[in-house]
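Okay, so here's the structure we're looking at.
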(Lines give C-alpha, C1' and ligand atoms only; values in the text may rest on other atoms or scores of the structure.)
Protein backbone atom coordinates (compact mmCIF):
# COMPACT_ATOMS: atom_id res chain seq x y z
CA UNK A 1 0.00 0.00 0.00
CA UNK A 2 2.86 2.39 0.91
CA UNK A 3 4.59 1.65 -2.40
CA UNK A 4 1.36 2.37 -4.29
CA UNK A 5 0.91 5.64 -2.36
CA UNK A 6 4.45 6.83 -3.12
CA UNK A 7 4.06 5.78 -6.74
CA UNK A 8 0.86 7.83 -6.96
CA UNK A 9 2.55 10.86 -5.34
CA UNK A 10 5.44 10.55 -7.78
CA UNK A 11 3.04 10.35 -10.72
CA UNK A 12 1.11 13.37 -9.48
CA UNK A 13 4.33 15.36 -9.12
CA UNK A 14 5.39 14.38 -12.63
CA UNK A 15 2.02 15.42 -14.05
CA UNK A 16 2.21 18.74 -12.17
CA UNK A 17 5.71 19.27 -13.54
CA UNK A 18 4.54 18.58 -17.08
CA UNK A 19 1.61 20.99 -16.69
CA UNK A 20 3.96 23.68 -15.33
CA UNK A 21 6.46 23.20 -18.15
CA UNK A 22 3.63 23.33 -20.69
CA UNK A 23 2.33 26.56 -19.13
CA UNK A 24 5.81 28.08 -19.23
CA UNK A 25 6.22 27.06 -22.86
CA UNK A 26 2.80 28.44 -23.81
CA UNK A 27 3.74 31.91 -22.54
CA UNK A 28 7.41 32.03 -23.48
CA UNK A 29 6.75 30.79 -26.99
CA UNK A 30 5.04 34.14 -27.47
CA UNK A 31 7.89 36.18 -26.02
CA UNK A 32 9.24 38.84 -28.37
CA UNK A 33 11.88 40.76 -26.38
CA UNK A 34 13.34 41.38 -22.93
CA UNK A 35 12.48 44.85 -21.69
CA UNK A 36 15.02 47.41 -20.56
CA UNK A 37 15.84 46.75 -16.87
CA UNK A 38 14.62 50.24 -15.94
CA UNK A 39 11.11 49.04 -16.83
CA UNK A 40 11.06 46.25 -14.27
CA UNK A 41 7.73 47.64 -12.98
CA UNK A 42 6.17 48.36 -16.36
CA UNK A 43 2.48 49.11 -15.87
CA UNK A 44 1.17 50.50 -19.16
CA UNK A 45 1.96 50.39 -22.88
CA UNK A 46 0.58 52.09 -25.98
CA UNK A 47 1.55 52.48 -29.65
CA UNK A 48 1.87 55.95 -31.17
CA UNK A 49 0.70 57.02 -34.64
CA UNK A 50 3.86 55.55 -36.18
CA UNK A 51 3.41 52.22 -34.39
CA UNK A 52 6.26 52.84 -31.95
CA UNK A 53 5.82 51.36 -28.49
CA UNK A 54 5.72 53.58 -25.38
CA UNK A 55 5.67 52.47 -21.76
CA UNK A 56 5.27 53.78 -18.23
CA UNK A 57 6.48 52.49 -14.89
CA UNK A 58 4.46 51.94 -11.75
CA UNK A 59 4.51 54.38 -8.82
CA UNK A 60 7.87 55.51 -7.49
CA UNK A 61 9.33 56.36 -10.89
CA UNK A 62 9.44 59.86 -12.36
CA UNK A 63 6.44 61.05 -14.43
CA UNK A 64 8.06 59.85 -17.65
CA UNK A 65 7.04 58.04 -20.85
CA UNK A 66 9.62 55.72 -22.39
CA UNK A 67 9.84 54.92 -26.09
CA UNK A 68 11.08 51.39 -26.73
CA UNK A 69 13.15 50.14 -29.63
CA UNK A 70 12.47 46.81 -31.33
CA UNK A 71 14.96 45.13 -28.99
CA UNK A 72 13.20 46.41 -25.86
CA UNK A 73 15.73 49.12 -25.03
CA UNK A 74 14.75 52.70 -24.16
CA UNK A 75 15.47 55.16 -26.98
CA UNK A 76 13.58 58.27 -25.87
CA UNK A 77 12.02 59.78 -22.75
CA UNK A 78 9.29 62.42 -22.34
CA UNK A 79 8.88 64.07 -18.95
CA UNK A 80 5.38 65.30 -18.02
CA UNK A 81 6.34 68.46 -16.15
CA UNK A 82 3.06 69.10 -14.30
CA UNK A 83 2.46 65.47 -13.29
CA UNK A 84 3.33 63.21 -10.39
CA UNK A 85 3.72 59.46 -10.53
CA UNK A 86 1.97 58.47 -7.33
CA UNK A 87 0.77 55.18 -8.82
CA UNK A 88 0.69 55.16 -12.63
CA UNK A 89 -1.10 52.01 -13.70
CA UNK A 90 -2.21 52.08 -17.36
CA UNK A 91 -2.14 54.01 -20.65
CA UNK A 92 -4.73 54.37 -23.38
CA UNK A 93 -5.43 56.70 -26.30
CA UNK A 94 -8.38 58.17 -28.14
CA UNK A 95 -9.21 58.14 -31.86
CA UNK A 96 -7.21 61.35 -32.35
CA UNK A 97 -4.08 59.87 -30.77
CA UNK A 98 -4.09 61.69 -27.43
CA UNK A 99 -2.44 59.58 -24.73
CA UNK A 100 -4.06 59.19 -21.31
CA UNK A 101 -1.90 58.21 -18.32
CA UNK A 102 -3.76 56.75 -15.38
CA UNK A 103 -2.45 57.76 -11.95
CA UNK A 104 -5.18 55.88 -10.15
CA UNK A 105 -3.65 52.93 -8.33
CA UNK A 106 -5.48 52.66 -5.00
CA UNK A 107 -4.19 49.53 -3.26
CA UNK A 108 -5.37 50.41 0.24
CA UNK A 109 -8.50 52.24 -0.99
CA UNK A 110 -7.38 55.47 0.71
CA UNK A 111 -7.12 57.79 -2.32
CA UNK A 112 -10.43 59.62 -2.68
CA UNK A 113 -9.43 61.76 -5.69
CA UNK A 114 -7.61 60.08 -8.56
CA UNK A 115 -5.95 61.53 -11.66
CA UNK A 116 -5.64 60.95 -15.41
CA UNK A 117 -3.10 62.98 -17.40
CA UNK A 118 -3.97 63.72 -21.05
CA UNK A 119 -1.14 64.58 -23.44
CA UNK A 120 -0.55 64.83 -27.17
CA UNK A 121 0.46 61.80 -29.18
CA UNK A 122 4.22 61.46 -28.60
CA UNK A 123 5.06 61.97 -32.29
CA UNK A 124 3.63 65.49 -31.94
CA UNK A 125 5.86 66.28 -28.93
CA UNK A 126 9.08 67.71 -30.35
CA UNK A 127 11.04 68.11 -27.10
CA UNK A 128 11.74 65.90 -24.11
CA UNK A 129 9.06 67.58 -21.95
CA UNK A 130 5.33 68.21 -22.17
CA UNK A 131 2.44 69.46 -20.05
CA UNK A 132 -0.78 67.53 -19.52
CA UNK A 133 -4.43 68.34 -19.18
CA UNK A 134 -5.50 67.08 -15.77
CA UNK A 135 -8.63 64.98 -15.28
CA UNK A 136 -9.73 64.33 -11.70
CA UNK A 137 -12.33 61.86 -10.50
CA UNK A 138 -13.68 60.20 -7.40
CA UNK A 139 -16.02 57.32 -6.65
CA UNK A 140 -19.33 58.53 -5.17
CA UNK A 141 -19.39 55.36 -3.06
CA UNK A 142 -16.24 56.58 -1.24
CA UNK A 143 -18.00 59.05 1.05
CA UNK A 144 -15.31 59.13 3.74
CA UNK A 145 -16.72 56.33 5.86
CA UNK A 146 -14.70 53.13 6.39
CA UNK A 147 -14.93 50.67 3.51
CA UNK A 148 -15.95 47.17 4.64
CA UNK A 149 -13.64 44.38 3.40
CA UNK A 150 -16.38 42.93 1.22
CA UNK A 151 -16.69 46.28 -0.64
CA UNK A 152 -12.99 46.97 -1.25
CA UNK A 153 -13.26 47.34 -5.03
CA UNK A 154 -11.86 50.84 -5.63
CA UNK A 155 -8.34 49.97 -6.72
CA UNK A 156 -7.79 50.62 -10.43
CA UNK A 157 -5.24 49.49 -13.02
CA UNK A 158 -7.13 49.40 -16.32
CA UNK A 159 -8.96 51.83 -18.59
CA UNK A 160 -9.81 52.69 -22.21
CA UNK A 161 -11.07 55.75 -24.05
CA UNK A 162 -14.23 55.30 -26.10
CA UNK A 163 -16.53 57.86 -27.73
CA UNK A 164 -15.21 60.82 -25.68
CA UNK A 165 -15.35 59.04 -22.34
CA UNK A 166 -12.93 57.08 -20.20
CA UNK A 167 -13.99 53.62 -19.00
CA UNK A 168 -12.41 52.32 -15.81
CA UNK A 169 -12.15 48.64 -14.81
CA UNK A 170 -11.47 48.08 -11.12
CA UNK A 171 -8.91 45.73 -9.61
CA UNK A 172 -10.88 43.77 -7.06
CA UNK A 173 -9.55 43.60 -3.49
CA UNK A 174 -12.68 42.37 -1.71
CA UNK A 175 -12.43 39.99 1.25
CA UNK A 176 -13.64 37.38 0.59
CA UNK A 177 -12.66 37.75 -3.06
CA UNK A 178 -15.75 37.82 -5.28
CA UNK A 179 -13.94 38.23 -8.63
CA UNK A 180 -15.93 41.22 -9.88
CA UNK A 181 -14.35 44.00 -11.91
CA UNK A 182 -16.60 47.06 -11.85
CA UNK A 183 -16.96 49.29 -14.90
CA UNK A 184 -17.11 53.06 -14.33
CA UNK A 185 -17.36 55.99 -16.77
CA UNK A 186 -15.95 59.53 -16.64
CA UNK A 187 -15.31 62.23 -19.25
CA UNK A 188 -12.07 62.40 -21.23
CA UNK A 189 -11.41 66.13 -20.76
CA UNK A 190 -10.00 68.31 -17.97
CA UNK A 191 -12.61 68.50 -15.21
CA UNK A 192 -13.60 66.94 -11.89
CA UNK A 193 -15.87 63.91 -12.25
CA UNK A 194 -17.84 61.52 -10.11
CA UNK A 195 -17.33 58.11 -11.69
CA UNK A 196 -20.57 56.51 -12.84
CA UNK A 197 -20.97 52.78 -12.17
CA UNK A 198 -22.19 50.99 -15.33
CA UNK A 199 -21.86 47.28 -14.62
CA UNK A 200 -19.56 44.45 -13.55
CA UNK A 201 -17.98 41.25 -14.83
CA UNK A 202 -16.78 38.26 -12.83
CA UNK A 203 -13.46 36.70 -13.81
CA UNK A 204 -13.02 34.05 -11.10
CA UNK A 205 -13.45 33.58 -7.36
CA UNK A 206 -10.51 31.28 -6.65
CA UNK A 207 -7.60 33.63 -5.92
CA UNK A 208 -7.31 37.35 -6.51
CA UNK A 209 -3.76 37.21 -7.89
CA UNK A 210 -4.95 34.89 -10.67
CA UNK A 211 -7.77 36.98 -12.04
CA UNK A 212 -7.78 40.60 -10.93
CA UNK A 213 -7.78 43.01 -13.88
CA UNK A 214 -4.52 44.89 -14.49
CA UNK A 215 -4.87 46.48 -17.96
CA UNK A 216 -7.31 47.07 -20.82
CA UNK A 217 -7.21 47.89 -24.53
CA UNK A 218 -9.49 48.48 -27.52
CA UNK A 219 -8.68 47.30 -31.04
CA UNK A 220 -8.25 49.91 -33.82
CA UNK A 221 -11.85 49.40 -34.99
CA UNK A 222 -12.95 49.92 -31.37
CA UNK A 223 -15.31 46.95 -31.49
CA UNK A 224 -13.25 44.54 -29.33
CA UNK A 225 -12.26 45.14 -25.73
CA UNK A 226 -9.47 43.16 -24.08
CA UNK A 227 -8.96 42.90 -20.32
CA UNK A 228 -5.75 41.41 -18.91
CA UNK A 229 -5.15 39.42 -15.76
CA UNK A 230 -2.28 37.21 -14.57
CA UNK A 231 -3.40 34.17 -16.54
CA UNK A 232 -5.76 35.35 -19.28
CA UNK A 233 -6.88 37.75 -21.94
CA UNK A 234 -10.63 38.37 -21.77
CA UNK A 235 -12.18 39.36 -25.10
CA UNK A 236 -15.49 41.27 -25.33
CA UNK A 237 -17.23 41.67 -28.70
CA UNK A 238 -20.64 42.54 -30.15
CA UNK A 239 -21.41 44.81 -27.19
CA UNK A 240 -24.18 47.40 -27.32
CA UNK A 241 -22.95 51.00 -27.21
CA UNK A 242 -20.58 51.35 -24.27
CA UNK A 243 -22.04 48.39 -22.37
CA UNK A 244 -18.87 46.35 -22.89
CA UNK A 245 -20.12 43.41 -20.85
CA UNK A 246 -23.36 43.00 -22.84
CA UNK A 247 -22.08 40.94 -25.78
CA UNK A 248 -19.94 37.88 -26.45
CA UNK A 249 -17.13 36.94 -24.07
CA UNK A 250 -14.10 34.77 -24.85
CA UNK A 251 -10.86 33.90 -23.07
CA UNK A 252 -7.27 33.20 -24.13
CA UNK A 253 -5.20 31.20 -21.61
CA UNK A 254 -1.74 32.76 -21.22
CA UNK A 255 -0.17 29.85 -19.40
CA UNK A 256 2.14 30.45 -16.45
CA UNK A 257 1.20 33.04 -13.84
CA UNK A 258 3.40 36.15 -14.04
CA UNK A 259 2.74 39.74 -13.01
CA UNK A 260 1.16 40.79 -16.29
CA UNK A 261 0.45 44.51 -16.07
CA UNK A 262 0.04 46.05 -19.55
CA UNK A 263 -1.71 45.26 -22.83
CA UNK A 264 -2.24 47.08 -26.16
CA UNK A 265 -3.30 46.31 -29.71
CA UNK A 266 -0.61 46.69 -32.37
CA UNK A 267 -3.19 46.05 -35.09
CA UNK A 268 -6.55 44.31 -35.38
CA UNK A 269 -5.00 40.85 -35.15
CA UNK A 270 -2.02 41.48 -32.89
CA UNK A 271 -2.03 42.03 -29.14
CA UNK A 272 1.12 42.94 -27.20
CA UNK A 273 1.35 42.40 -23.45
CA UNK A 274 4.10 42.82 -20.90
CA UNK A 275 4.88 41.54 -17.44
CA UNK A 276 6.91 42.92 -14.58
CA UNK A 277 10.19 41.30 -13.60
CA UNK A 278 10.05 39.45 -10.28
CA UNK A 279 12.80 37.18 -8.94
CA UNK A 280 14.25 36.78 -12.42
CA UNK A 281 10.91 35.85 -14.02
CA UNK A 282 9.11 38.13 -16.46
CA UNK A 283 10.24 41.54 -17.64
CA UNK A 284 9.27 40.67 -21.21
CA UNK A 285 7.00 41.68 -24.06
CA UNK A 286 4.82 39.00 -25.66
CA UNK A 287 2.87 38.93 -28.91
CA UNK A 288 -0.50 37.19 -29.31
CA UNK A 289 -1.92 36.66 -32.82
CA UNK A 290 -5.69 36.31 -32.60
CA UNK A 291 -5.90 34.16 -35.73
CA UNK A 292 -3.42 31.71 -34.17
CA UNK A 293 -4.63 31.77 -30.57
CA UNK A 294 -6.78 29.13 -28.90
CA UNK A 295 -9.86 31.17 -27.99
CA UNK A 296 -12.40 29.67 -25.61
CA UNK A 297 -15.94 31.00 -25.85
CA UNK A 298 -17.34 31.83 -22.41
CA UNK A 299 -20.68 33.40 -23.35
Original post:
Mind checking whether some residue in region 88-98 is part of a strand (DSSP E or B), surrounded by fewer than 19 Cβ atoms within 10 Å (Cβ to Cβ) and touching a residue at least 12 places away in the same chain (Cβ under 8 Å)?
Top reply: no
Original post:
In region 225-242, is there at least one residue being surrounded by fewer than 14 Cβ atoms within 10 Å (Cβ to Cβ) and farther than 19 Å from residue 92 by Cβ?
Top reply: yes
Original post:
Does residue 235 satisfy the criteria of being in contact with a helix residue (DSSP H, G or I) (Cβ under 6 Å, 6 or more places away or on another chain), at negative phi and not in a helix (DSSP H, G or I)?
Top reply: no
Original post:
Inside region 264-286, can you point out the residues that are more than 13 Å from residue 46 (Cα to Cα), exposed (fewer than 14 other Cβ atoms within 10 Å of the Cβ) and in contact (Cβ under 8 Å) with a residue 40 or more places away in the chain?
Top reply: 268
Original post:
Looking at region 180-220, which of its residues are over 23 Å from residue 272 (Cβ atoms) and touching a helix residue (DSSP H, G or I) at 6+ places or on another chain (Cβ under 6 Å)?
Top reply: 199, 204
**OP:** Please enumerate the residues belonging to region 106-121 that are surrounded by 12 or more Cβ atoms within 10 Å (Cβ to Cβ) and either closer than 20 Å to residue 48 by Cα or under 20 Å from the mean Cα position of the chain (by Cα) (or both).
**Re:** 106, 107, 109, 111, 114, 115, 116, 117, 118, 119, 120, 121
Subject >> Among (1) on the phi < 0 side of the Ramachandran plot; (2) surrounded by fewer than 17 Cβ atoms within 10 Å (Cβ to Cβ); (3) in contact with a strand residue (DSSP E or B) (Cβ under 7 Å, 6 or more places away or on another chain), the one test that residue 141 misses >> reply: (3)
**OP:** Scan the strands (runs of 3 or more DSSP E) fully inside region 242-298 and keep the ones with 3 or more residues being under 20 Å from residue 73 (Cα atoms).
**Re:** 260-267, 270-275, 284-289
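The rows are residues; the columns are (1) surrounded by fewer than 14 Cβ atoms within 10 Å (Cβ to Cβ); (2) under 30 Å from residue 83 (Cα atoms).
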| position | (1), (2) |
| --- | --- |
| 173 | no, yes |
| 181 | no, yes |
| 191 | yes, yes |
| 196 | no, yes |
| 201 | no, no |
| 204 | no, no |
| 207 | yes, no |
| 210 | no, no |
| 219 | no, yes |
Subject >> Residue, nearest to residue 59 (Cα to Cα), within region 107-131, restricted to residues that are at pLDDT below 95 and in contact with a strand residue (DSSP E or B) (Cβ under 7 Å, 6 or more places away or on another chain) >> reply: 107
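The values are calculated or read from the model by the stated rules, or taken from the named source; none is laboratory data. Nothing here was measured: the structure is a model prediction, and the numbers come from that model. In this analysis, Cβ positions are derived from the backbone assuming ideal geometry, glycine residues included, and neighbour counts consider all displayed protein chains.
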